[in-house]
1. At a threshold of 8 angstrom on Cα-Cα distance, excluding pairs fewer than six apart, so keeping six or more, what relative contact order does the chain reach in percent?
2. Pick from Phe258, Phe105, Phe183 the residue whose mean-square fluctuation is largest in a GNM of the chain, springs joining Cα atoms under 10 Å.
3. Most fluctuating residue of Met33, Met213, Met85 in a GNM of the chain with Cα springs under 10 Å: which is it?
4. Compute a Gaussian network model of the chain, connecting alpha carbons closer than 10 Å, and tell me which residue from Ile46, Ile154, Ile281 fluctuates the most.
5. Just to be sure I understand the rule: take each whole DSSP H helix in the chain, project its Cα atoms onto its long axis, keep it if the span is 27 Å or more and its mean Kyte-Doolittle hydropathy is at least -0.5. Which ones pass?
6. Quick one: which of 308-320, 165-177, 263-275 comes out on top by average Cβ neighbours within 10 Å, and what's the full order, highest first?
7. Taking only protein heavy atoms and a 1.4 Å probe, what accessible area per residue, in Å², does the range 58-161 have with all protein chains in place?
8. Leaving out ligands, DNA and RNA, and with a 1.4 Å probe, what % of the accessible surface on the chain is carbon or sulfur?
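The values are calculated or read from the model by the stated rules, or taken from the named source; none is laboratory data. None of these values were measured; they are calculated from a predicted model. Cβ placement follows ideal geometry from the backbone for every residue including glycine, while neighbour counts extend to all protein chains displayed. We work out accessible area using only protein heavy atoms, side chains counted, and drop any ligands, DNA or RNA first. Shrake-Rupley method; radii C 1.70, N 1.55, O 1.52, S 1.80 Å.
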Amino acid sequence: MGTKVGLVVALLSLACCLSNVTGQIYSASFYEMLGYYGKLVQEKPIDWNTTLGLLYAGQIQQPCYDQSVQIHEDMKAYKFYALTMLDSTGKLNPSSLFEGSWDDFGSFKGCTERVTDYPDRPEDIYPMYCVGTWAGIPPELKAGAQYFSQGLCIPNTCSDYDIGLLASTGLLGIKPMSSWTPFVVLCQREAVYETYTTGAWVAIAIIAIILAMLFICTLYEFIITISFSEERTKSIASSKVGRFFLSFSVYSNTKKVFDTYQPPGQLPALHGMRVISTLWIIYGHTDFFADNTLTTNRREKDEWFNQWWYFIRGSMDMSVDTFL
C-alpha cells in the first residue's frame, strides 16, 4: 500500500513539475507509461547485501557504485535522464524465445545521445552503452542459443569487471533471471576514441602518403598526355622516372584492370571460373560474418545446415583452388 501511495505522489509531483517547466499537458497514457517504468524499477531484484559486500571488499569501484545507486534512486524519482537509461536497457520480454531470439539490445542511440539531452542529468554522470551476455538459459529452451544478450545503459565510471558484478546483483540493468550469471561484457567507451594512439597516427600518415602519391602520379600522367605529342609521351613514359610515376597512376592502372584483351593461346573459360570463384568467396564470407554475431538466431542457423542449398555456402572455401 505504501508503495502505491508513493507512486501516486511521485506521479503527481512529476505532473506538477512538467506543467511548470514545459507548460505542456501530457496525456493519460503518458503517465500510464511512467507508472509502468516506475513499477519496473520498484520490482528490480537487487541483492543489496551482496552489492555492499562487494563494495566493502574493494571488488567494485566507489564512483561506479555511487553513480549506479544515484541512477537507481533517480529512476524511482522519475527523472527523465534515468528513465531514458532504463528505457535504453534491454529487458527479458518473452517473445519468440522458443525460436532462439535470446536477445534484447535496448537502444544504443537512446543511451549515448538522448540521455545527455535532459537537463535533470547530473553533470558528473555520463551514460555508456554495453552489451552483456548471460549464462543460464534453460537447456530445454535454448533452441541453439548459448547466451542471452542484453543491452545495458550504465554510468561510464564502471569498468567491465564492475559491470559484471553489479549486473549479477541486479543493481545495473534489469537482471533477466535471478539464477543467471553474467558471461561477457562489451562496452562502447567513447574516451578510447577521443585520441589517436601512435600506431593510429603512423597508419594515417602511411595512408596519406599513398593517397598523395596516387594523386601526384595520376596528375603527372594527365599533364604529359595533354602537353606532349604521342611519341614524346611514350618516350617519357618508358623512362625510369616515367615508369615509376605511371606505376601509381590511377588512370593507367584502372585501364589495365578492366582491359579485356586476351593474347593468343588463352583459355577464356578460366577467366569465367575465376570470376565465379571470387563471387562465391565474397558471398560465403559475407554470410559467414553475418551469421556469427550476437543477433544471430541460432535455431534458424542450425536448420540451415539441413537445407539442400547449404552446400553452396558451406563449400565456399573450395573455390580458392580456382584462383590461379
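1. Relative contact order here is 16 percent.
2. Residue with maximal mean-square fluctuation among Phe258, Phe105, Phe183: Phe258.
3. In the Gaussian network model the winner is Met213.
4. Ile281
5. Values: long enough: 2-22 (29 Å, 1.58); 198-227 (43 Å, 2.20); 268-290 (34 Å, 0.66).
Answer set is 2-22, 198-227, 268-290.
6. Details: 308-320: 12.7, 165-177: 22.1, 263-275: 9.2.
Sorting 308-320, 165-177, 263-275 by mean packing, highest first, produces 165-177, 308-320, 263-275.
7. 44
8. Values: 12860 of 20230 Å².
About 64 percent, which is the carbon plus sulfur part of the accessible surface.
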